[in-house]
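Take a look at the structure set out below.
The values are calculated or read from the model by the stated rules, or taken from the named source; none is laboratory data. Bear in mind the structure is a predicted one, so any value in this text is a computation, not a measurement. All Cβ positions, even for glycine, are placed from backbone atoms using ideal geometry, and neighbour counts span all protein chains on display.
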Amino acid sequence: MAQPYKVLFLCTGNSARSIMAEAILNARGKPNFMAYSAGSHPSGKVRPEAITQLQVARIPTVGLRSKSWDEFAEPGAPKIDFVFTVCDNAANEVCPLWPGQPMTAHWGVPDPAAVKGSPQEIERAFRNAFVLLDRRISLFLSLPFATIDSLALKNQLEHIGGEP
């Protein structure tokens, strides 16, 4: 795989989890990684609570937008090396499937945008999602990409996405 590695985070709405993952990896993975995010049914807007979590962590938010995964199937789209789904199977949320040859893994994260409750409960849900994504991305970045074979790498990616 050529560097920088291109990583696509997929979710259904592309309004919170995948957006945060894109921003975290772009901030922490330079210059070896370039992250993108998309949704199978994008909401068309980024949740302000997700932006707040990124700003608290001093992660740039310029240019973040909710978009369809169709953009990554168009001519001229970047060739993706890794695809991570971040939707939550435990909540019976349908995760998008990605065709092609990139290495894929599922990193289920409960949807903070689905939380109903007090402002404090909603803020806590977004913070928890951010912390979980940040931890998984840190583990991902620590993998020895240059010396690990693809099967071992696939196993490590799935392990990172295991239960927190």
- Item | Test result for SER66, assigned to a loop (DSSP other than H, G, I, E, B), within 22 Å of HIS106 (Cα to Cα) and modelled with pLDDT of 95 or more | yes
- Task: Output the residues belonging to the stretch 74-86 that are exposed (fewer than 13 other Cβ atoms within 10 Å of the Cβ) and without any contact (Cβ under 8 Å) to a residue 40 or more places away in the chain.
- Result: GLU74, PRO75, GLY76
- Note on the structure: Exception for ALA57 within (1) under 16 Å from CYS11 (Cβ atoms); (2) out of contact with any Ser or Thr (no Cβ under 8 Å at 6 or more places or on another chain); (3) in contact (Cβ under 8 Å) with a residue 60 or more places away in the chain falls at (1)
- Cross-chain or 6+ apart pairs with Cβ under 9 Å, the stretch 31-49 first and touching a residue at least 12 places away in the same chain (Cβ under 8 Å), then among the small types (Gly, Ala, Ser) and part of a strand (DSSP E or B): ALA38/SER68; GLY39/SER68; SER40/SER68; HIS41/SER68; PRO42/SER68
- For the stretch 77-130, how many residues are assigned to a helix (DSSP H, G or I) and modelled with pLDDT under 80? 3
- Task: Would you mind telling me which numbered condition in (1) farther than 12 Å from LEU64 by Cβ; (2) out of contact with any strand residue (DSSP E or B) (no Cβ under 9 Å at 6 or more places or on another chain) THR12 fails?
- Result: (2)
